[in-house]
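Nothing in this text is a laboratory measurement; each read-out follows from the coordinates by a stated rule. Note that the structure is a prediction, hence the values are computed from the model and not measured. Note: ideal-geometry Cβ built from the backbone for every residue, glycine included; neighbour counts use all protein chains shown.
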Amino acid sequence: MIDARTHAWLRPLVAIFVGAAFFLPLYLMLVNVFKPGDEILPSPASLPLPPTLENISGVFAREDNLFTFGLINSIAVTALSITILTVLSAMLGHYLARSTRLFSKLLLVVLLCGLMIPIPVILSPMTSVLKAFDLMATLQGLVLVNVGYYVPFGVLLFMGFVKSVPRELEEAAELDGASKIRVFWQVVFPLLRPASASVLIFLGVWIWNDFLTPLIVLGPDSGTTVTVGVYRAIGQYESDFGDLFAFMFLATLPILIFYLALQKNFVKGLTGGAVKG
Amino acid sequence: MTDTKHAVRGGPRLATPPRTSRARRSGRARLTPKLGRFALFALPGLVAYGLFVLLPILMTGYYSFTNRNPFNPPTEFVGFRNYVTLAGDPEFLQALTNTVIITLIVTVLANVGGLLIALLLDRPSKLYVALRGVFFTPVVLSSVVISVIWRAVLTDDGLLNSALRGLGVESPPGWLSDPDLALYSIAWIITWQMLGFCVVVYLAGLQGVPRELQEAAAIDGAGGLTRFRNVTWPMLAPALTINTVMLLITGFKAYDQIQVITNGGPGTGATATMAFQVVKEAFVGNRIGYSSALAAVMLALVAGVSVVVLRVLQRREVTQ
């Protein structure tokens, strides 16, 4: 065994080395965003000195507006989906956690089965359903599909939290004459804030990053999301890594900021549910 | 205690009749608020789930017994013919093998790597907290972005091979163009993306191992390895369960990386997975019936394997 003193300097060294090796691909993307295209292949790992914003402005200047329109669509779809999902799964999770009937238990099992279903398995009939409602190739259609597909995950998270809200609190409010809706909105929902934060953050990241669903649901003709935009951009940029990396960098930035802004809540929320659930 | 609870629960029922006139009427009074509550709180979420998940699952099951093809009507019932074709379809068998190989590699590598890195980073100082962030970053990124980055690194004239040529390697391997290598490159990329998830879950598990237990074992003369095997590892059982199930599902449904990086190639389906085949048959070949049978097999495999593994691992958690 290595003795403790050797360990003391070995651990940070190994940790930094492994971390750096792991991060290398991301580093390559980051530095090359700010490097002129023709310098990338000869010296991919060098620092971008002096840095150029050519690649970034190139993404905004695209004639097909692949990035700008994609960004707007992504923001709209993600924001709408996670807002609806938070509200619907909070209500459904609360209902199922409080109901003692066998029917509710069955519903829960059916819902949780949805956690295991990969998107490709249901994608084709899903588009048939969307066509029946005339929602194919629309943002509303994509939002609805997201809501249906991710509601089991939201319910799972909220149910754990509802159990930590004392039932007596709700009953007291009801005694005071508050309606069920008011009890939910003014008593229960505010107490579920950590769970809401986790749902927002998880689903926000997942929906923003989704590839296959928007690719198929929005189709090739109408505008697409920024993540699918990255895929569409590959063909045109073939070997111009600078433009492509800049596109990806810009496509990732909003969700990364969203994630970092909510992250503190998320870690708290996660452990809160684990302890009390 | 129970008496008070009854009193409280009886409360609103006593209070309601004078407030709403409708409640006084007949047995409907007791049922309507319950139904109303169901319709208001439960129904919206359930309808969305039913329309876009449950109904499609049933449709997939039904279509798998037909020859449905929107460009080649009429749709006829064909019994188990799709499933029989599937069993002898070399494309399907290769996709199945590829999926199993990817899943195994990802599950083992990400679990082992994640555990080792978690053990390495299980210290409270700022350096290790920052490194956790480094490992977790790919988890937050889209697999499309990850795929494009790795494609730029691994493609024939990409960043890695340029570097290798610079070091004097005459003909560096075709990481993505060699049919014998491409599948492993894909498995590696998925592992790399999932590693941070495993690190974080194992770190959370390590927080739950009491220091006193470690110290007591050390005093009893247990070496580092014995301590890990007998004290730390058993307490990481729940973390192992979460990671394994998560990785299994991720491996089984692998699609994005293949679509973005290799499009199923090189050659005939060297990296095609089941998910890739399902989508290809449905949206490129328009063979909805056949694609549905494939999807049904895929779902049965995912569900079967994850339920069995979950059972086994959870039993292990209890006995330890």
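A few comments on the model shown:
- Sparse-neighbourhood loop sites, chymotrypsin sites (Phe, Trp or Tyr not before Pro) in the range B:66-142 - DSSP loop, at most 11 other Cβ within 10 angstrom: B:71
- Whole-Hz ³J(HN,Hα) from phi, Karplus 6.51 cos²θ - 1.76 cosθ + 1.60, for the range B:107-115, glycine and proline x: 4, 6, 4, 5, 5, 5, x, x, 5
- For residues of B:165-174, the mean tally of beta carbons on other chains within 10 Å: 0
- Derived scalar couplings ³J(HN,Hα) [the range A:75-80; Karplus, 6.51 cos²θ - 1.76 cosθ + 1.60; whole Hz; x for Gly, Pro]: 4, 4, 5, 5, 4, 4
- Amide hydrogen proximity for residue B:66: with H placed 1.01 Å from N in the peptide plane, the residues at 5 or more positions away or on another chain lying under 5 Å are B:78.
- For peptide B:149-158, the mean count of partner chain Cβ atoms within 10 Å of a residue's Cβ comes to 4.
- The distance between label points at residue A:133 and residue A:27 comes to 4.8 nm (points 7 Å beyond Cα on the Cα→Cβ vector).
- Average other protein chain Cβ within 10 Å of Cβ, residues A:209-218: 4
- Rounded Å value of the spacing that divides the Cα centres of the range B:180-219 and the range B:60-102: 38 Å
- Residue order, fewest to most surrounding Cβ atoms within 10 angstrom, among B:276, A:103, A:67: A:103, A:67, B:276
- Computed [θ] at 222 nm, deg cm²/dmol, chain A (DSSP H ≥ 4; -39,500 (n - 2.57); rounded to nearest 500): -25000 deg cm²/dmol
- Our coupling estimate for the range A:205-219, obtained by passing each phi through the Karplus curve with A = 6.51, B = -1.76, C = 1.60 and θ = phi - 60°, is 5, 4, 5, 4, 7, 3, 10, 5, 4, x, 4, 7, 5, 7, x Hz, Gly and Pro reported as x.
- Length released on extending from residue B:214 to residue B:308, taking residue separation times 0.36 nm less the Cα-Cα span: 30.6 nm
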